[in-house]
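What follows is a short report on a single structure.
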Amino acid sequence: MTDVQKPPMRDWETDFDHTHADYADRAPEIWDHLRAKCPVAHTDRFGGAWLPTRHEDVAAIAHDTEHFTSESVIVSDFRPEGLAPAGFAPPITSDPPFHGKARRLLLPAFSPKVIDRWEPATRETCRQLLDAVVEAAGGDGGVVDAAALYSQNIPVRIIAKMLGVPEEDGDRFRLFIHRILEAPGSGLAADLEYEDTLDYYLHKVVDDHRENPRDDLVGFLLDAEMDGEPLTGDHIGGTIALLLIAGIDTTWSAIGASLWHLAQHPDDRRRLVEEPKVLTFAVEEFLRFYAPVTMARLVAEEVEVGGECMQPRDWVLLPFPSANRDPEAFDHADEFVIDRARNRHVAFGLGIHRCIGSNLARLELTVAIDEWMRRIPDFELSDPEAVRWSTGQVRGPRELPIRVLRTQEVSA
Amino acid sequence: MRIVLDNEKCQGHGRCYSLAADVFDSDDEGYALLKVTGEVPPELEEQARLAADNCPEYAIEIQP
């Protein structure tokens, strides 16, 4: 990787760097600090970027598609020009009115009733992975990396099945994701062979589906129409890229963070085992407290947010996890309440760009935790210091050493 | 108790129909549909309140 050396950070208020290892380690603490001291932080890095941390400001920006554009949603040194209204990966990078049409054609494929059909495959995937986890632990007391052996594999396998690409391509997806989300800009490095790029991969997937048409998401996109015309090649490739990138490390992060929490909270584990009905609420509280995704916008027209004047082409981060911990918006915002009954969390964003895969993410998270708890009801962190959190705009544990304390057989 | 859904505000988060399946349904695109019109039957009031309290877009209003 070509991660460049950056100057040291002065402070979080005026010089923040969300790609710094400190941010990965203690983002919730940093958001709490900023929300109280400097609710709209700024940095000159990345050519100028803002970090609002209050629910109110994050919600206002997410709902304002006039002053903010989604032309790019990943903050990096590279600022795209001239990609509106479609952007690189429609519809997440699209603005109205193009956005509405590009989103509408995808929505039926991600509706809850369609997504629910993937529950048996998700359960089967989790059970297979858990067999491998238990085997790797080699008995009670054994240690496994729950990120490498469990959480990171679930969304990869399901999205591969949905798209109709080989599951073995999963390692490649994770490399693309690292370049785009965790080390933004490194994917542009000139030293990459074309065969190693996402662009090459997308063309290969589309060509394969054109030669062998089949009933999966890629086939659906090849048949789809917008304004009575087939989608352009760029639109199809961009949407596949979106489904690959947005659908994988986000959910993997949520599953990992939930296991990280449960490993440290025996009372919450016991509650899930004794009262299975609590899981519905627990999943939403995991999503609130450990929301993995921070989105971003570019300022389209000068606008004031929280007393700060933002200029056209400034970056603006939308840290939904920080909004979820704002005491103005949530009772006992800093406490994890496993059966929280009032929970308007914004883990999936707000407004017209609400995560299109939210039903899939919720299914995967629910099944992943349910199956883990049935098979491994007791576990703990074997070395809390060894847990490594990702940097950038998607936050979750990338290394998660867990000591398995008790396992049980699961009857189907 | 009456319940009102603001379709302009609904973005299809799906919290209402997962928590209150007797009060809300989903359309083919995942947006919420109200299954009750006018008065909420007493046995569904708790579900209705739960749906309103969990809508991220504040699209559901309960009127006493």
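Read-outs throughout are calculated quantities, based only on the coordinates presented, and are distinct from any laboratory measurement. Remember, it's a predicted structure, so these values are computed and weren't measured experimentally. Using ideal geometry, Cβ is built from the backbone for each residue, glycine included, and neighbour counts are taken over all protein chains shown.
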Using alpha carbons only, how many angstrom separate the centre of segment A:47-80 from the centre of segment A:100-133? 29 Å
Largest to smallest principal axis extent of the C-alpha atoms in segment A:1-84, angstrom: 35, 33, 19
Whole number please: convex hull volume per residue, Cα atoms of segment B:2-63, in Å³. 70 Å³
Per-residue average of other protein chain Cβ atoms inside 10 Å, peptide A:334-341 -> 1
With 20 Å bins from zero, work out the P(r) of chain A over every alpha carbon pair and list the percent per bin. 27, 59, 14, 0
Give the residue list of GluC sites (Glu not before Pro) in segment A:1-104 that are DSSP loop and have at most 11 other beta-carbon atoms within 10 angstrom. A:GLU66, A:GLU81
Averaged over residues of A:276-284, the number of beta carbons from other chains lying within 10 Å of each residue's Cβ is 1
Could you please state, rounded to a whole Å, how far the C-alpha centre of segment A:388-412 is from the C-alpha centre of segment B:6-25? 31 Å
Past the 31 Å Cα-Cα mark, which pairs from A:LYS6/B:LYS9; A:LYS161/B:LYS9; A:LYS161/A:LYS277; A:LYS101/A:LYS161? A:LYS6/B:LYS9; A:LYS161/B:LYS9
So the pair-distance distribution of segment A:72-144, from every Cα-Cα distance in 5 Å bins, comes to percents of 3, 13, 12, 11, 9, 10, 11, 12, 10, 6, 3, 0
Among B:33-39, B:48-54, A:355-361, the order from most to least packed when residues are scored by Cβ within 10 Å on average: A:355-361, B:48-54, B:33-39
If one computes the Cα centroid of segment A:187-247 and of segment A:11-31, what distance in Å separates the two points? 34 Å
Partner chain Cβ atoms within 10 Å, averaged over the residues of B:7-16 - can you pull that number for me? 5
Along each principal axis of its Cα atoms, how long is segment A:188-328 end to end? Whole angstroms, biggest number first, please. 54, 47, 40
